[in-house]
Amino acid sequence: MSGSRLDWRWYRLRFRAPLQTAAGSLGTRRGILVSVATADGLVGVGDVAPWPGTEDRTLPEAAEWLAALRAVAEEGEGALRQALERVAAVTPGARAARAALETALLDVSAQRAGVPLAFWLRSSARSSVPVNALIGIADPERTVEAARAAVAAGFRVLKLKVRIAASEVERVAAVRRAVSPEVQLRLDANASAAVSAALAFARAVAPLGIEYLEQPVGSLEELAALRRQSPVPLAADEVLAGPDELERALALGAADIVIAKLPLVGSVERLLDLAERCERAGIAVVVTSNLESAVGLAAALHVAAALPGNAERAHGLATAGLVEPLGREPVLQPLGGRLVLPPGPGLGLDRTMMLAGEEDG
């Protein structure tokens, strides 16, 4: 083969149990696995994983963007890399596809160099990162049970999905009473409240030692206004639906923490550049899963391991156990509250899993 080959297939993930959030319940997740086969026999993979719940619109956008590059791939790997920089990715689906294709090409580069992708991105990368446990909305008893189980498994950071409501304060307080003061609590409200309600909630939970409250309101402007009054640090997530919003978040001073999701940023290298800028501005960056397959989760893990700044900051990547794996897909499970990079160069994954699992197109 003198050129390269760009392929993709659709997939559907099924949650082991519905994940309850303030924005609704998640039971399935759809995406697209991308592969690039090169002339020297390497295969790189990436995952198109747009925001859950938007797949009906975003996955066709992604497939259209990928289809426009299939002929370019046949011209060779170099032509495909040049097209990656030249062809705009404007829509959310196209940005997710761009992130997947860039991941696949970086996977190839790191394989060729014989090193894990994290160390190809940054020579001082780490071989493992701490991660937070994710606990969905449930009654206080089940929430406390899940929190205790997570701490027993070695997690030292818990992320609770919450609603902005007075009743939720007691649920959070129950968790705080049940775990050691050294265990950090993160709260994620999924853009569900007005500023006044979010401020009242932040003041109510502040005595409980909250590391941060994630996306309690729906816009960057509201988040910036809330941050000026909130006694709890604030994190931006849903509002960061692309590079322009990331720039506006920095300009507005909208958050103490940036939640970075690779499919939304649209670029590994752009995400790392953003992290450098945020660290210089005193803003923490937490890389989180977008509830994707093991391919996308491995990519996010390598990026998190290559980030500058606090090496012991926990990232939101302990999500593999929430869904049924695709075929022979590896399950990236934490051990003692940490995720270790998969063995081997590049993403460290078995590329044959691209041939297994359910198609969903």
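The values are calculated or read from the model by the stated rules, or taken from the named source; none is laboratory data. Please read these numbers as outputs of a predicted model, since none were measured by experiment. As a convention, Cβ positions derive from the backbone with ideal geometry for all residues, glycine included, and neighbour counts pool all protein chains shown. SASA here: full protein model, heavy atoms, side chains in, ligands and nucleic acids out. Shrake-Rupley method; radii C 1.70, N 1.55, O 1.52, S 1.80 Å.
Quick notes
- In segment 30-65, residue surrounded by the most Cβ atoms within 10 Å (Cβ to Cβ) [restricted to those that are outside any strand (DSSP E or B) and among the polar types (S, T, N, Q)]: Thr58
- Conditions (1) touching a strand residue (DSSP E or B) at 6+ places or on another chain (Cβ under 6 Å); (2) closer than 18 Å to Gly136 by Cα; (3) open to solvent by less than 10 Å² (accessible area, probe 1.4 Å); number of the one not met by Ala255: (2)
- Boolean, Glu238 is over 22 Å from Pro130 (Cα atoms), open to solvent by less than 30 Å² (accessible area, probe 1.4 Å) and of a type in the set (Asp, Glu): no
- Residue match in segment 83-92 (condition: buried (at least 21 other Cβ atoms within 10 Å of the Cβ), in a helix (DSSP H, G or I) and in contact (Cβ under 8 Å) with a residue 12 or more places away in the chain): no
- Qualifying residues in segment 297-323 (those that are part of a helix (DSSP H, G or I), modelled with pLDDT under 95 and among the aliphatic types (A, V, I, L, M)) - the one surrounded by the fewest Cβ atoms within 10 Å (Cβ to Cβ): Leu322
- Where a residue in segment 279-303 is touching a residue at least 12 places away in the same chain (Cβ under 8 Å) and under 16 Å from Glu102 (Cα atoms) and its partner, wherever it lies, is in a strand (DSSP E or B) and open to solvent by 10 Å² or more (accessible area, probe 1.4 Å), with Cβ under 7 Å and at least six apart: Val295/Asp47; Gly296/Asp47; Ala299/Asp47; His302/Pro116
- Number of residues in segment 100-122 that are of a type in the set (A, V, I, L, M, F, W, C) and not in a helix (DSSP H, G or I): the value is 1.
So that you can scan it fast, the table gives a plain yes or no per residue for (1) in a helix (DSSP H, G or I); (2) in contact (Cβ under 8 Å) with a residue 40 or more places away in the chain; (3) under 30 Å from Thr38 (Cα atoms):
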residue	(1), (2), (3)
Ser124	no, no, yes
Thr143	yes, no, no
Arg148	yes, no, no
Leu160	no, no, no
Ile164	no, yes, no
Val169	yes, no, no
Arg176	yes, no, no
Pro181	no, no, no
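- Qualifying residues in segment 222-235 (those that are touching a Leu at 6+ places or on another chain (Cβ under 7 Å) and open to solvent by 60 Å² or more (accessible area, probe 1.4 Å)) - the one nearest to Lys159 (Cα to Cα): Arg227
- Positions within segment 164-192 being within 16 Å of Leu134 (Cβ to Cβ) and basic (Lys, Arg), in sequence order: Arg171, Arg186
- Any hit, segment 66-75, residues being buried (at least 21 other Cβ atoms within 10 Å of the Cβ), on the phi < 0 side of the Ramachandran plot and part of a helix (DSSP H, G or I): yes
- Residue check, Gly336 of a type outside the set (A, V, I, L, M, F, W, C), over 20 Å from Phe15 (Cα atoms) and open to solvent by less than 40 Å² (accessible area, probe 1.4 Å): no
- Residue pairs meeting the criteria (Cβ under 7 Å; at least 6 apart or on separate chains; first of a type in the set (Lys, Arg), in segment 69-81; second open to solvent by 30 Å² or more (accessible area, probe 1.4 Å)): none
- Screening segment 278-296 for residues that are part of a loop (DSSP other than H, G, I, E, B) and of a type in the set (A, V, I, L, M, F, W, C) and picking the one that is surrounded by the fewest Cβ atoms within 10 Å (Cβ to Cβ) gives Ala281.
- Residue within segment 191-205 that is without any contact (Cβ under 8 Å) to a residue 40 or more places away in the chain, crowded, with 21+ Cβ neighbours inside 10 Å and in contact with a Ser or Thr (Cβ under 6 Å, 6 or more places away or on another chain) present: yes
- Condition met for Ala166 (open to solvent by 40 Å² or more (accessible area, probe 1.4 Å), in contact with a helix residue (DSSP H, G or I) (Cβ under 8 Å, 6 or more places away or on another chain) and not aromatic (Phe, Trp, Tyr)): yes
- Against the test of being open to solvent by less than 30 Å² (accessible area, probe 1.4 Å) and either over 30 Å from Val172 (Cα atoms) or modelled with pLDDT of 95 or more (or both), the options Ala152, Ala118 yield a single qualifying residue, Ala118.
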